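Written below as structure tokens is the structure these notes are about.
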Amino acid sequence: MHQGKKVAFVTGGTGGIGTAICQELYTHGYFVVAGYYSSGNHGQAKEWAIKQKEDGYKLEIAYGEITKFDSCQKCINEIVEKFGKISILVNNAGITRDATFSKMSLEQWTDVVSVNLNSVFMMTKLVIEGMLEEKWGRIINISSINAQKGQFGQSNYSAAKAGMHGFTKALALEVARKGITVNTISPGYIETKMIADIDSAIKKEILKSIPMGRFGQPSEIGKLVSFLSSDSASFITGANISINGGQHMM
Ligand code: CAA
């Protein structure tokens, strides 16, 4: 079925950065499953998979409501039963609910923390036993420049994304001798719908603050994920790799 290829699972795999991650992993020889939620719009995800196939990427899809443990469990069980153990987990699913703190509702806070951070606990919890048995695994958490530097109007998102890297560092220590690496990637502003939705005057200001004078491309994140997934990256763990056109230097 997948001829000994390692199985990679990408949460939010049908989204902007997620699609590019799936494509790059596929190109580099992995068997790739894209997680989707799309408010239960299965037709939309199926169309995505058909379009990917037409473009030369044979990608599988798996439904999961990432904020609910039962749903995550069902999703992972189905993948493992159909395709085998997951060797690479990319925690990529994310949302924004931007508002200045004085206007931010509890719901905006909770939604962002649930989708962006709690899901990382749940998905990782569900795949790590398989990786420990195999004595090989890659966990890659997609965080954000805005976790590193903070962002006006994103106290929820910055907190959740910063939490991801705390998780990365602690787990990296626990599994360092077990053949599993855990890393964070912190993208800057990448050309996706999330960026398209920002008010155009604010977007212009953001662009001015990027030394390279452009937004990033999703494929640039996908290539880094693919490298971190490979055996060439076997000594990299607990790292937080910035990829932001020079906008923020640690
Ligand atoms: N720094 C300081 N002050 C700022 C500011 C900034 N960056 N932006 C706005 N302000 C000020 C305004 O000048 C205004 O001040 P006055 O009241 O004195 O005139 C005040 O803040 C406006 O405050 P409001 O609460 O009324 O703000 P708003 O409701 O109009 O807009 C917002 C708030 C929706 C969060 C808007 O600021 C915004 O969209 N910001 C961009 C957030 C952003 O970058 N999101 C990134 C999304 S992409 C992503 O997250 C991907 C990734 O990982 C990189």
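Taken together, the values in this text are just the output of simple stated rules run on the coordinates, not laboratory data. Keep in mind the model is a prediction, meaning the values are calculated, not measured. Counting neighbours? That spans all protein chains shown, and the Cβs are built from the backbone with ideal geometry, glycine included.
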Discussion item. Whole angstrom only: what separates the Cα centroid of segment 69-115 from the Cα centroid of segment 3-62?
Written reply: 16
Item to complete: Express in whole angstrom the spacing between the alpha-carbon centres of segment 118-151 and segment 220-250.
Response: 14
Item to complete: Pick out which of THR19, THR11, THR124 has the largest mean-square fluctuation in a Gaussian network model of the chain, springs linking Cα atoms closer than 10 Å.
Response: THR124
Item to complete: Let me have the 222 nm mean residue ellipticity of the chain computed from DSSP H runs of 4+ only, each contributing -39500 (n - 2.57), with the sum over all residues rounded to the nearest 500.
Response: -14000 deg cm²/dmol
Worksheet item: Once both axes come from the Cα atoms, what is the angle between helix 155-175 and the longest principal axis of the chain, in degrees from 0 to 90, rounded to 10?
Response: 40
Worksheet item: With charges set only on the Cβ (+1 for Lys and Arg, -1 for Asp and Glu), what does the dipole of segment 134-250 come to about its Cα centre, in debye to the nearest 20?
Response: 140
Worksheet item: Angle, helix 218-229 long axis vs. longest principal axis of the chain, Cα atoms, 0 to 90°, nearest 10?
Response: 40
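Based on the Cβ-Cβ distance of SER209 and ILE236, what FRET efficiency does E = 1/(1 + (r/R0)^6) give at R0 = 30 Å, to the nearest 0.05?
E between SER209 and ILE236, to the nearest 0.05, is 0.60.
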Item to complete: Please tell me the relative contact order of the chain in percent, rounded to the nearest whole number, where contacts are Cα pairs under 8 Å and at least six residues apart.
Response: 20
Fill in: Coil-residue trypsin sites (Lys or Arg not before Pro) of segment 44-100, DSSP, other Cβ within 10 Å capped at 11
LYS58
Practice prompt. Could you tell me how many degrees, from 0 to 90 and to the nearest 10, lie between the Cα long axis of helix 16-27 and the main elongation axis, the longest principal axis, of the Cα atoms of the chain?
Written response: 30
